[in-house]
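The values are calculated or read from the model by the stated rules, or taken from the named source; none is laboratory data. This is a predicted model, so every value here is computed, not measured. Virtual Cβ from ideal backbone geometry, glycine too; neighbours counted across all protein chains shown. Ligands, DNA and RNA are stripped out before the accessible areas are found, and what is left, the full protein with its side chains, is counted by its heavy atoms. Shrake-Rupley method; radii C 1.70, N 1.55, O 1.52, S 1.80 Å.
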Amino acid sequence: MSLAATAPHGFLSPTGVEIAFLLVGLVTLGAALITVTTRQLVHAALWLVVTLGGLAVEYLLLSAEFIAWVQVLIYVGAVVVLLLFGLMLTKAPIGRSPDADSGNRPAALVVAVGSAGALVWVVTDAFRATWIDLDGPAAGTTRVTGESLFRHWVLPFEALSVLLLAALVGAIVLSRKTRADQASPVVVETPGEKEGAR
């Protein structure tokens, strides 16, 4: 066996999985940017589907099948549907919405860049000395992930479900108020009708 066949690939010779991971990541990043910059609310929700689907593909490429299907079932199948129901119940405009742009884009950009930098720094600092043992037992199986989720992260998981339920209830309340306002029109009397009544 030659040395070229046994030598590990380097940075300049990526594998097909790494190339696919990079391409899907670029598509996901582009869809995320369109999600936060578009002025059409329905289009933003649909581009969010593309973004979350791209993340699920990234999880599949990382051999985390359970996390990928949870991403599809919960986020793509539940959260986005909840957002679309909220848009329909509140009768959000279908076309371009000038109200969707508040004019604070520079401040939002500063906050977004600062948040992204802080998140990257925290993750890098937390996992700087952490190495994955590829020859050891699988760490991303359904059993290990379920035990970690329902033992250490059950409170944030339930808090998120309550938050989504509150958002749906709020959308229903807002839609019922607008229907009640439309059902009771205001009667305006003209001066001639007032004199006739006298």
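Points to keep in mind about this one:
- Share of carbon and sulfur in the accessible heavy-atom surface of the stretch 18-87 [1.4 Å probe, %]: 81 percent
- Phe157/Ile19 FRET efficiency (R0 45 Å; Cβ-Cβ; nearest 0.05): 0.85
- Separation in nanometres of the label points that stand 7 Å from Cα toward Cβ, at Ala167 and Val36: 1.6 nm
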